1. Val449's amide H: which non-local residues (gap 5+, or another chain) put their own amide H closer than 5 Å, with H modeled 1.01 Å from N in plane and none for Pro or chain starts?
2. For the ranges 281-293, 223-235, what's the packing order if you count other beta-carbon atoms within 10 Å of each residue, average per peptide, and put the highest first?
3. Lys and Arg at +1, Asp and Glu at -1: add these up for the other residues within a Cβ distance under 11 Å of Leu212 and post the number.
4. Relative to 2.2 N^0.38 Å, what does the C-alpha radius of gyration of the stretch 249-387 come to as a ratio? Two decimals please.
5. Rounded, prolate or oblate: which fits the stretch 227-288 when a ≥ b ≥ c are the square roots of the eigenvalues of the alpha-carbon gyration tensor, with rounded for a/c under 1.5 and prolate only if a/b beats b/c?
6. Need one number: the % of Cα-Cα pairs in the stretch 306-465 sitting beyond the 29 Å mark.
7. Under a point-charge model restricted to the Cβ atoms of Lys and Arg (+1) and Asp and Glu (-1), what is the dipole moment magnitude of the stretch 211-259 relative to its Cα centre, in debye to the nearest 20?
8. Determine, for each peptide in 429-437, 130-138, the mean count of other beta carbons within 10 angstrom over its residues, then list the peptides with the highest first.
Amino acid sequence: MATPRPRDYASALAHLNLLIPNRSITARLAAQAPSGPDPNLLAIPEMLDSPRPHRPDARLPAAAPASCTSPAQKGKGSVKRQEQIPLGGAPLYETELLRATYFDVWDRFTASARARGEPDADGPASKPFYFRFLTVMAFHVFLGEACRSVVLEVGIGGAYDATNVVPAESVTAAVVMRLGVDHVGMLGGMREEIAWHKAGIMKKGRPAFTRLVEERPSVMAVLRERAVALECSELVEVKDADVEAWGGVESGLRGEFQRYNQALAALAAEEHLCALEGRTSARKLSDVRPSVLEALKSASLRGRHEKKSDAERGISWLLDGAHTTDSLEETAKWLAAERQKQPKAGIVLLFNQQEREASELLLHFLATLRKEIGDADDRLFKAAVLSRNDAKSDEGAPDADITVQESCREAFASVYPSVPTHITQNLTSAIEHIRGFSTPGDKTEQQTVLVTGSMHLVGGVIGLLEPEGLK
């Protein structure tokens, strides 16, 4: 008889990795026939059928409001799963609470499956897919720890997202940030369709905050219509002129777009605090309390417009997890600005994107970059490295599929035919190859490495550059 594996933290992660990955779900929905039934309609009922936390009457009570946020592509995302369920600003990395919650939730799904007579009740087949499982875990943690306030980030979309089971009486504000085109298979390919989904987090009798995008009147019309249909108390449309007059705050969040994210976050936080105090917020940036502004100053997000210096090798790492056309345009502008600071530095591009049209995104990025720099010099790049997101390859395992990387190499070569390209199976090999362009101790030759295309890619690179940095 086999000895049961101990229920330690490593075992919890092993169980989690048995679940259906998010990309499998998004790919399945993208392949769904347009004429078939909409699987989105099952999402909320399936979440509501999830096992409840340890208290039989547990629910998100009105006394513990949650600020719900649907930040869209810019201002959203974590690079490591442990940081997705923080308490008091601290990630639950390798904590007993996180380990215990993993197995508590796992066992509750198992018990429910057994009660229904499902086959393989003990295994992953009876469990929801990765993100939905983590969402249920988060609710268990927040309720178990009696959290008074929660900032709840949507996964994909809003209306049918796993997080949208929170009742209106538990919500103080909804936030809809910039609406980029992404997850087309689930949300549609038009910004108006995406706006419909993301506005689904608006709640009856509660305000919602969004940026007024005057150049997209049809998108704003959808948001306004949804606010009325969902009986939102007020759709607060924040004008760019007001944000620019406000100016934002200096923080660890880099990128021009972050000022608008800050504005929406500040207004939502002020709304939430006023609700806890039993009074009405003025909903003006000028009235946001100093403590909220101080909190914004300390805000940070790894892997978005982040710079790391390797002085020994003369390498400046630029890390940005942009993965849509809109966000890659911002990355191109950032790289162009950084090049002005070091015009003689050679640029190496490390790029990957496994879940979207990678070659199209790369071409869009390169076109924007050439427009920003104002020349078509093939010498702009020293090299391009196209890699999978795996930290390293398992010993003895067959070579991984590099079809995406081959496609990206062809796309890059079509724009910069004389620049050498290199494909790697993993990020360890990619970093070693990039470091080979410089000589340790030689500070005369500066090198800039841009890592972009995927938050998974950027998170993996950060983890290898500083193994303790994401804990």
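Each reported figure results from applying straightforward, stated rules to the coordinates on display, with no laboratory input. The model shown is predicted, which means the values in this text are computed figures rather than measured ones. Every residue, glycine among them, receives a Cβ derived from its backbone with ideal geometry; neighbour counts consider all protein chains shown.
1. For Val449, whose amide H was placed from the backbone, the distant partners under 5 Å are Ser316, Trp317, Leu318, Val348.
2. 223-235, 281-293
3. -1
4. Relative to the 2.2 N^0.38 Å estimate, the stretch 249-387 comes out at 1.33.
5. Because a/c hits 1.5 or more and a/b exceeds b/c, the stretch 227-288 counts as prolate.
6. So the pairs more than 29 Å apart make up 11 percent of the total in the stretch 306-465.
7. With Lys and Arg at +1 and Asp and Glu at -1, about 160 debye.
8. Put in order of decreasing packing, that is 130-138, 429-437.
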